[in-house]
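Down below is the structure, laid out as structure tokens.
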Amino acid sequence: MNIVVPIHRVQDAESLVAAGADELYCGVFTKDEWCDSRGSGCVNHRSEVFSNLNDFSQLRRLVKKAHDLKIPLSLVLNEFYDDDKLCAAMEQVKQAYDCGVDAVIISDIGLLRYVREKGYDVSVHISSCANVFNSHTRAFYKNMGASRIILPRQLTREEIGSICAGGGMEIEVFILNERCFYVDGFCRFQHGNITKRLGAATVLWHFNMWLASAAAVIPRKILQVMHRYVVNHDHACCFPYGIEDGGEPAFRPQKYFNDPRSFLYACGACALRDLKELKVSHVKICGRSMFTERIRNIRFVKDAIALSEQDIPQGEFVAEVRGLAQKYRKYCGDQYCYYR
Amino acid sequence: MEYALNIQHIDQCDLWDDRYQRIYFGDEFCNENIPSVDDTKRLMDFCSQHALRMTLVTPFLTDRGVDAYAGIVRLLSGCQGLDLEVVLNDWGFLPLCRESGVKISLGRLLTHQPSDPRLGTHRRPGKNISEKWQRIPVNTYFTAFMKEQHIERIELSNTALGVAKEQLDEMPFSFSLHVPDVYLTLTRYPLFSGRDRFKIFSGSGASLPEEIVIAIKNIETPIFIRKNAFFYKNPHFEAYDGEDHPVDRIVYTLYP
């Protein structure tokens with residue numbers, strides 16, 4: 001079982017691979033796209049500049065580094081496009097192909113058709129945003145030329161098993177971080193850049209190229225606090241809410257659809273053994289915008305996979321994984337659990 | 001203009017009156033709320049009795065859901081004289097629809113129409129970004145694919161921001177507009193079923209009404225939750241109700 005890990009800075013590749021990453025994935029959000037698409041998001045599902053590489057020279061360097069380290073790199077293009085945005089996405093495919101990426105992660109059927117019709121020799125991975133909830137949809141994407149399906153977060157183990165049973169495709173599931181209450185590919189909340197409450201601060205956070213560069217030198221603890229503050233108040237994933245109480249809605253800020261902590265630190269490690277039996281081939285560590293804990297995350301999943309391969313009773317395995325979670329300072333409990 | 005009534009249960013047929021020439025039947029968002037074959041037969045009888053056209057609405061589907069809806073579509077497609085249409089919200093269900101020869105309409109879950117209510121109120125000085133948000137993310141390659149698959153219609157929400165008429169004019173499809181509920185997002189299971197692995201409500205959800213209005217910080221528009229889906233209301237659709245507009249069907253969702 002391979003670990004798929006996000007990356008947003010070229011210089012991180014070696015340390016991520018050394019920690020145990022078997023594959024890397026990244027997005028690209030160039031300055032031109034940033035200027036053009038201000039207010040409408042970028043061509044992947046992360047509108048924050050710092051969650052992405054910022055030009056294709058970085059991608060070229062990253063591809064070379066990844067291939068030197070003998071691991072594949074995927075480019076994320078997991079949005080849905082009208083013709084204007086499709087042009088930008090097609091340009092990214094072309095550039096990424098020239099750079100030598102191994103795969104593109106796609107959710108738009110139009111873009112998938114474009115990649116296959118133009119004969120780009122790259123693998124196509126179907127994003128979780130494309131919402132493959134059944135084996136028929138898996139077969140549909142296989143017929144369209146995809147080689148891997150990334151399953152949505154909300155499936156049960158049994159449903160994952162039924163999708164895997166058809167065979168013939170790699171199956172990837174989420175294993176760590178960012179478990180949203182909403183089904184990602186069906187969510188119409190706009191993510192980022194439209195908050196009123198934080199106004200300019202959020203615009204800075206999402207779009208400031210300088211901040212993207214500065215992120216490399218800002219202490220990570222501070223970045224984490226900044227990130228959490230913006231995520232909590234700008235992303236619909238973690239909005240606090242109140243239920244209407246006899247007329248006027250009563251706002252109770254202590255209530256969250258996604259508690260920010262369980263959203264950020266979700267985990268499915270104790271299901272690894274089942275996932276392997278179900279023929280899941282890849283597990284994904286989520287969070288292209290996460291700055292901290294990345295090495296610790298990979299080591300934790302790597303160790304948990306090693307444990308899952310040992311010949312020990314299931315109860316003992318789960319207890320050992322919980323011990324690992326403590327060792328790596330990960331949260332464990334119902335509200336954090338991907339595959340309870 | 002064709003007017004349709006959208007119902008989720010057979011007992012909502014009582015809401016029909018002769019303003020509506022078509023009935024949408026089924027839940028577009030919840031794969032736990034699958035109509036029974038018996039209820040579907042009863043609706044077919046109702047439609048034939050009142051000379052109505054019928055649209056079967058399907059949500060995203062697990063394998064169990066595909067099997068259940070496959071039975072219903074086979075039943076309906078075998079009926080002589082029934083002009084059946086299916087609203088498709090899961091690509092895995094497409095081959096079965098094609099095989100059955102029913103008309104296919106692209107559902108709101110697959111249309112990916114931007115509908116965040118904050119988009120309607122957000123403006124940057126000197127920049128009107130709303131036009132971008134009025135466009136649905138359907139591109140030339142996707143259009144060609146849909147035509148190949150004989151998908152002839154697209155379902156739209158009546159978003160606060162409106163729809164780019166010029167984009168719709170250029171597309172080789174018919175369009176339906178759903179009012180007054182504007183779809184916003186959904187969760188896997190109905191929120192109060194207790195099946196999601198989230199700690200949402202500290203108390204029992206059993207006493208809560210079917211439709212719950214909530215306030216979300218940063219969103220001025222009241223949001224309401226029905227089963228597993230989130231909506232806001234926009235009852236104004238006068239702009240679409242003209243002869244020359246590509247929207248040629250209005251679909252009402254009424255509640256008793």
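Before moving on, here are some points about what is shown:
- Residue within region B:179-192 that is open to solvent by less than 40 Å² (accessible area, probe 1.4 Å), at pLDDT 90 or above, over 22 Å from A:His191 (Cβ atoms) and more than 14 Å from chain A (Cβ to nearest Cβ) present: yes
- The criterion of being within 14 Å of chain A (Cβ to nearest Cβ), part of a loop (DSSP other than H, G, I, E, B) and surrounded by 19 or more Cβ atoms within 10 Å (Cβ to Cβ) holds for B:Phe60.
- Of all the listed residues (B:Leu56, B:Leu52), the sole one being under 13 Å from the mean Cα position of the chain (by Cα) and either at pLDDT 90 or above or among the charged types (D, E, K, R) (or both) is B:Leu56.
- Residues that are closer than 20 Å to B:Leu88 by Cβ and in contact with a helix residue (DSSP H, G or I) (Cβ under 8 Å, 6 or more places away or on another chain) within region B:164-181 comprise B:Met171, B:Pro172, B:Phe173, B:Phe175, B:Leu177, B:His178, listed in sequence order.
So that you can scan it fast, the table gives a plain yes or no per residue for (1) modelled with pLDDT of 85 or more; (2) in contact with a Leu (Cβ under 7 Å, 6 or more places away or on another chain):
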| residue | (1), (2) |
| --- | --- |
| B:Tyr69 | yes, yes |
| B:His112 | yes, no |
| B:Arg124 | no, no |
| B:Ile129 | no, no |
| B:Val138 | yes, no |
| B:Phe142 | yes, no |
| B:Ile151 | yes, yes |
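- Test: residue in region A:53-67 that is within 14 Å of chain B (Cβ to nearest Cβ) and touching a residue at least 12 places away in the same chain (Cβ under 8 Å): no
- Single residue of region B:30-57 satisfying the filter (outside any loop (DSSP other than H, G, I, E, B) and touching a Lys or Arg at 6+ places or on another chain (Cβ under 8 Å)) that is nearest to A:Val132 (Cα to Cα): B:Thr55
- Taken over region A:319-332, the criterion of being open to solvent by 30 Å² or more (accessible area, probe 1.4 Å) and closer than 15 Å to A:Ile175 by Cα is satisfied by A:Arg322, A:Tyr331, A:Cys332.
- Qualifying residue in region B:33-44 (condition: surrounded by 18 or more Cβ atoms within 10 Å (Cβ to Cβ), within 14 Å of another protein chain (Cβ to nearest Cβ) and in contact (Cβ under 8 Å) with a residue 24 or more places away in the chain): yes
- Among residues of region B:129-150 that are more than 26 Å from B:Val86 (Cβ to Cβ) and more than 7 Å from chain A (Cβ to nearest Cβ), those with a Cβ under 8 angstrom from a residue that is surrounded by fewer than 22 Cβ atoms within 10 Å (Cβ to Cβ) and among the charged types (D, E, K, R), sequence gap 6+ or separate chain, pair up as B:Ser130/B:Arg123.
- Every condition in (1) at the interface with another protein chain (Cβ under 9 Å from one of its Cβ atoms); (2) open to solvent by less than 30 Å² (accessible area, probe 1.4 Å); (3) among the charged types (D, E, K, R); (4) not in a loop (DSSP other than H, G, I, E, B) holds for A:Glu172 except the one numbered (1).
- If you go through region B:68-115 and pick out every residue that is away from chain A (no Cβ under 14 Å), open to solvent by 20 Å² or more (accessible area, probe 1.4 Å) and under 18 Å from A:Asn134 (Cα atoms), you end up with 1.
- Failed criterion for A:Gly166 (all others in (1) surrounded by fewer than 19 Cβ atoms within 10 Å (Cβ to Cβ); (2) away from chain B (no Cβ under 13 Å); (3) not in a helix (DSSP H, G or I) hold): (2)
The values are calculated or read from the model by the stated rules, or taken from the named source; none is laboratory data. Worth saying up front: this structure is predicted, and the values here are computed from it rather than measured. Note: ideal-geometry Cβ built from the backbone for every residue, glycine included; neighbour counts use all protein chains shown. For the accessible areas, the whole protein counts, side chains as well, though only heavy atoms, and no ligand, DNA or RNA atoms are used. Shrake-Rupley method; radii C 1.70, N 1.55, O 1.52, S 1.80 Å.
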